[in-house]
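Novice: Okay, here's the structure, questions in a sec.
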Amino acid sequence: MKCPGQDPRFWKFDAIFEAECPHCGATLEFFKDETRRTCKKCGNKALNPKMDFGCAAHCKFAEQCFGELPPELIKQRENLLKDRVAVEMKQHFKNDFKRIAHAARVARYVEQLAESEKVDPAVVLSAAYLHEVGIAPGEAHPDGSEAAAAAAREILERLEAPDPLIDQVCGIIGPQADNAEFRHRNFNVFHDADLIARVEEQLKKGFLEFTKAAQALEQSLLTTSGKDLARNLLQDQSATQPQAVNG
């Protein structure tokens, strides 16, 4: 069943209209249910200026209703998915505020690294929020967890995330993450954000000394942006906190 706004049976006289190509100014003729039209003069694609894509940002039948979705709308849907994943993470952990805070910290650092490292924010942020789901409270965090990957897959499938995104997220946080074959920009950004967050948490607890923390991060971080971020964070913390004791 089509949305009434997209069903031709409900169309009126203004169902076909003309609009100006935003690229060259030529006249384009749109049907109201067309998401985009290719300009015959310049060859560029133009979005339908009268189409409201608001419902498509969250509707699972959007592609059936609108056809091929424009990149702008796909991006909007990815942003909405990240917010929903964050909510699912908090509901999963309930009162485990330590893990909620850690996931939020990793996500914050992922956002800082994502643009400079040219990664997919929807993938790495979902991995950041979900990398400890499915792991029992108090259980040590492994480098790649089959339980976390399985729980993350269940959550993402329930949210009707695209299959390629689900596979990438599970590839980042699953046990295969230790295999060099699976190391890529998305994994590297998640790895660095998670490591920086853990070192920062150890420093705040006094379990780690600044010099050793700096050496460990410099040797273990995988991205240039991650090393820059770590240096800045350590510099800020060393200026405001006393030296921690060796643990």
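The values are calculated or read from the model by the stated rules, or taken from the named source; none is laboratory data. All of these numbers come straight from a predicted model, not from anything done at the bench. Here the Cβ positions follow ideal geometry from the backbone for every residue, glycine too, while neighbour counts run over all protein chains shown.
Novice: Of everything in the range 211-229, what is over 11 Å from LEU113 (Cα atoms) and either among the acidic types (Asp, Glu) or part of a helix (DSSP H, G or I) (or both)? Give them in sequence order.
Specialist: Result: THR211, LYS212, ALA213, ALA214, GLN215, ALA216, LEU217, GLU218, GLN219, SER220.
Novice: Further question on the same structure: Would you confirm whether or not the range 54-67 contains a residue that is surrounded by fewer than 17 Cβ atoms within 10 Å (Cβ to Cβ) and at pLDDT 85 or above?
Specialist: no
Novice: Considering the range 178-204 alone, what residues qualify as being at pLDDT below 80 and in a helix (DSSP H, G or I)?
Specialist: If the condition is that a residue be at pLDDT below 80 and in a helix (DSSP H, G or I), then ASP178, ALA180, GLU181, PHE182 are the ones that fit.
Novice: Could you give every pair whose Cβ atoms fall below 6 Å, whose first residue belongs to the range 151-168 and is of a type in the set (Lys, Arg), and whose second residue is surrounded by 11 or more Cβ atoms within 10 Å (Cβ to Cβ) and not in a loop (DSSP other than H, G, I, E, B), counting only separations of at least 6 or pairs across chains?
Specialist: ARG153/ILE166; ARG153/CYS170
Novice: Determine if the range 70-87 includes at least one residue that is at pLDDT below 95, over 28 Å from LEU233 (Cα atoms) and not in a helix (DSSP H, G or I).
Specialist: Yes, the range 70-87 has at least one match.
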